[in-house]
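The values are calculated or read from the model by the stated rules, or taken from the named source; none is laboratory data. Since we're looking at a predicted model, the values are computed, not measured. Neighbour counts run over all protein chains shown; Cβ positions are idealised from the backbone, glycine included.
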Amino acid sequence: METSSLALSSWMTFGLLLAIGTIVQLADAQAFFVFGDSLVDSGNNNYLATTARADAPPYGIDYPTHRPTGRFSNGLNIPDLISQRLGSEFILPYLSPELTGQRLLSGANFASAGIGILNDTGIQFLNIIRMYRQLEYFQEYQRRVRALIGSDRTRRLVNQALILITVGGNDFVNNYYLVPNSVRSLQYSLPDYVKYLISEYRKLLLTLYKLGGRRVLVTGTGPLGCVPAELAMRSTNGSCSAELQRAAALYNPQLVQMIREINNKVGRNVFIAANTQRMHSDFTSNPQAYGFTTSKIACCGQGPYNGIGLCTPLSNLCPNRDLYAFWDPFHPSEKANRLIVEQIMSGSTDYMSPMNLSTMMKLDNWTP
Ligand SMILES: *[C@@H]1O[C@H](CO)[C@@H](O)[C@H](O)[C@H]1NC(C)=O
Ligand SMILES: *[C@@H]1O[C@H](CO)[C@@H](O)[C@H](O)[C@H]1NC(C)=O
Ligand SMILES: *[C@@H]1O[C@H](CO)[C@@H](O)[C@H](O)[C@H]1NC(C)=O
């Protein structure tokens, strides 16, 4: 009697464990995929022969390890801050040798500093991962994950994942406006160039949909004319470059419009537009209201506005990074990234359309 009831209870325990095992297996953690440029690159370019890299101090000075990682930030970048909100670990760069086995199931970051919507953007940076290649890597990623957990679970993992894509700024600053009389500026008027970019971006987003993306956060550009690099190069009196502001003002609303149109086409709100221009403008127009002493001078750099050249070990470096909206001549500080992610999570429809990320997470029953 004793032995058989013991046997029975251990069988029940075994059965229970099996059941729990099945539940755990069905509910994979929320995966997170990132595509785009230096605003969201977490270190892919460290593995490439390119000049677009952030692998020397003082990059990373406020990162948990206080060391450079390839992030174009003094500390955390936007993907890191979103991961924190999702309650997950920071997503590894796709080229990282550590991204293997179970770690693949958390997602991957395919972004590469210097790239744009167009293949000819960032040619001066040589070997970088252009958008079409990031999407090829996403397919390769899915093949690797299928070999681990099978096709059904892989499809579910990708369908349920959050995807962030940040690209477009370089198509202006590192292409159309890189040099006077650039090839693209001779080929297109600014309004026609913007239309061309939007039509190419649309193709990229539809490819992402075809590859299984169902929750895609798409950011616009910031106020391109107000970054310290442009103030240093183009401004005589400290106001933002009118030409680049005109570019951002044309591009961002058309991006929102295109996203609305492809959501209608696919029949649901797959794509969510983040109005990063508005988010940035808030603190470039009134930095003090957000705790910054300046939004014109970069923390790390040299020359007027610390906006000339790159941030290097020899650059001027501010003592308190939280007081600066810009970390280097082009990239926001961690503090500014925090304000942006705050709005992505819970901003009104002026900032997020058609909804913010916390509303989307509730809709999908995501449990961080
Ligand atoms: C970029 O290059 C890839 C590979 O050569 C090509 O398939 C793609 O159509 C190109 N994209 C544009 C916008 O020209
Ligand atoms: C700075 O210069 C630009 C163009 O030269 C002009 O439009 C703008 O009003 C000036 N801003 C200030 C604050 O003086
Ligand atoms: C955005 O998020 C906040 C906080 O979760 C929520 O209260 C609010 O209603 C949302 N706004 C919109 C427009 O979705």
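Tell me, yes or no, whether the stretch 55-64 has at least one residue that is assigned to a loop (DSSP other than H, G, I, E, B), in contact (Cβ under 8 Å) with a residue 40 or more places away in the chain, touching a Pro at 6+ places or on another chain (Cβ under 6 Å) and within 16 Å of ligand 3 (Cβ to nearest atom).
Looking for residues that are assigned to a loop (DSSP other than H, G, I, E, B), in contact (Cβ under 8 Å) with a residue 40 or more places away in the chain, touching a Pro at 6+ places or on another chain (Cβ under 6 Å) and within 16 Å of ligand 3 (Cβ to nearest atom), one finds none in the stretch 55-64, hence no.
Restricting to the stretch 91-128, count the residues that are more than 12 Å from ligand 1 (Cβ to nearest atom), crowded, with 21+ Cβ neighbours inside 10 Å and assigned to a loop (DSSP other than H, G, I, E, B).
Selection size over the stretch 91-128: 9.
Condition first: within 23 Å of the chain's Cα centre (by Cα) and at positive phi. Can you find one or more residues in the stretch 210-223 that meet it? So that I can check it myself, show each step before the final result.
Of all residues in the stretch 210-223, those within 23 Å of the chain's Cα centre (by Cα) come to 210-223.
If we keep only those that are at positive phi too, we end up with 212.
Scanning the stretch 210-223 turns up at least one residue that is within 23 Å of the chain's Cα centre (by Cα) and at positive phi.
Is it true that residue 139 is surrounded by fewer than 21 Cβ atoms within 10 Å (Cβ to Cβ) and in the same structural domain as residue 233 (by TED's automatic domain parsing)? I'd like the intermediate steps shown before the answer.
Details: surrounded by fewer than 21 Cβ atoms within 10 Å (Cβ to Cβ): yes; in the same structural domain as residue 233 (by TED's automatic domain parsing): yes.
In short, yes.
Residues to consider are 273, 229; find the one that is within 16 Å of ligand 3 (Cβ to nearest atom), surrounded by 17 or more Cβ atoms within 10 Å (Cβ to Cβ) and among the small types (Gly, Ala, Ser).
Details: 229 fails: within 16 Å of ligand 3 (Cβ to nearest atom).
Within the list 273, 229, the selection yields 273.
Yes or no, residue by residue, for (1) part of a helix (DSSP H, G or I); (2) under 21 Å from the mean Cα position of the chain (by Cα):
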position	(1), (2)
283	yes, yes
297	no, no
301	no, no
349	no, yes
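So the check is Cβ under 6 Å with 6+ separation or different chains; which pairs have a first residue in the stretch 298-327 that's more than 13 Å from residue 61 (Cβ to Cβ) and assigned by TED's automatic domain parsing to the domain that holds residue 237 and a second one that's part of a strand (DSSP E or B) and among the β-branched types (Val, Ile, Thr)?
From the stretch 298-327, the pairs are 302/308.
Would you check if residue 173 is within 17 Å of residue 197 (Cβ to Cβ) and either outside any strand (DSSP E or B) or in the same structural domain as residue 50 (by TED's automatic domain parsing) (or both)? Spell out how you get there, then give the answer.
Details: within 17 Å of residue 197 (Cβ to Cβ): yes; either outside any strand (DSSP E or B) or in the same structural domain as residue 50 (by TED's automatic domain parsing) (or both): yes.
Here the answer is yes, as residue 173 does meet what is asked.
Give just the number: which of (1) at pLDDT 95 or above; (2) surrounded by fewer than 15 Cβ atoms within 10 Å (Cβ to Cβ) does residue 364 not satisfy?
The single condition residue 364 does not satisfy is (1).
For residue 125, state whether it is closer than 27 Å to residue 255 by Cα and modelled with pLDDT of 95 or more.
Numbers: closer than 27 Å to residue 255 by Cα: yes; modelled with pLDDT of 95 or more: no.
Spelling it out, it is not the case that residue 125 is closer than 27 Å to residue 255 by Cα and modelled with pLDDT of 95 or more.
Would the stretch 87-97 turn up any residue that is farther than 30 Å from residue 200 by Cα and free of Cβ contacts under 8 Å to residues at least 40 places away in the same chain?
Yes, because at least one residue in the stretch 87-97 is farther than 30 Å from residue 200 by Cα and free of Cβ contacts under 8 Å to residues at least 40 places away in the same chain.
What are the pairs, 6+ residues apart or on separate chains, where a residue within the stretch 205-225 that is of a type in the set (S, T, N, Q) has its Cβ under 6 Å from a residue that is surrounded by fewer than 23 Cβ atoms within 10 Å (Cβ to Cβ)?
Within 6 Å, the pairs are 207/135.
With (1) in a helix (DSSP H, G or I); (2) within 15 Å of ligand 2 (Cβ to nearest atom) as the list, and residue 237 as the residue in question, which single condition is left unmet?
The single condition residue 237 does not satisfy is (1).
Is there a residue in the stretch 207-222 that is assigned to a loop (DSSP other than H, G, I, E, B), surrounded by 15 or more Cβ atoms within 10 Å (Cβ to Cβ) and either within 16 Å of ligand 2 (Cβ to nearest atom) or aliphatic (A, V, I, L, M) (or both)? Lay out the reasoning, then the answer.
To start, the set of residues in the stretch 207-222 that are assigned to a loop (DSSP other than H, G, I, E, B) comprises 211-215, 220-222.
Among the residues that remain, those that are also surrounded by 15 or more Cβ atoms within 10 Å (Cβ to Cβ) are: 211-215, 220-222.
If we keep only those that are either within 16 Å of ligand 2 (Cβ to nearest atom) or aliphatic (A, V, I, L, M) (or both) as well, we get 211.
Yes, the stretch 207-222 contains a residue that is assigned to a loop (DSSP other than H, G, I, E, B), surrounded by 15 or more Cβ atoms within 10 Å (Cβ to Cβ) and either within 16 Å of ligand 2 (Cβ to nearest atom) or aliphatic (A, V, I, L, M) (or both).
Quick one: which residue in 263, 365, 337, 269 is touching a residue at least 24 places away in the same chain (Cβ under 8 Å), under 29 Å from residue 30 (Cβ atoms) and assigned to a loop (DSSP other than H, G, I, E, B)? First the steps, then the outcome.
Numbers: 263 fails: assigned to a loop (DSSP other than H, G, I, E, B); 365 fails: touching a residue at least 24 places away in the same chain (Cβ under 8 Å); 337 fails: assigned to a loop (DSSP other than H, G, I, E, B).
269 is the lone residue from the list that is touching a residue at least 24 places away in the same chain (Cβ under 8 Å), under 29 Å from residue 30 (Cβ atoms) and assigned to a loop (DSSP other than H, G, I, E, B).
Of the conditions (1) at positive phi; (2) under 17 Å from the mean Cα position of the chain (by Cα), residue 126 fails just one. Which one is it?
Of everything listed in (1) at positive phi; (2) under 17 Å from the mean Cα position of the chain (by Cα), residue 126 misses just condition (2).
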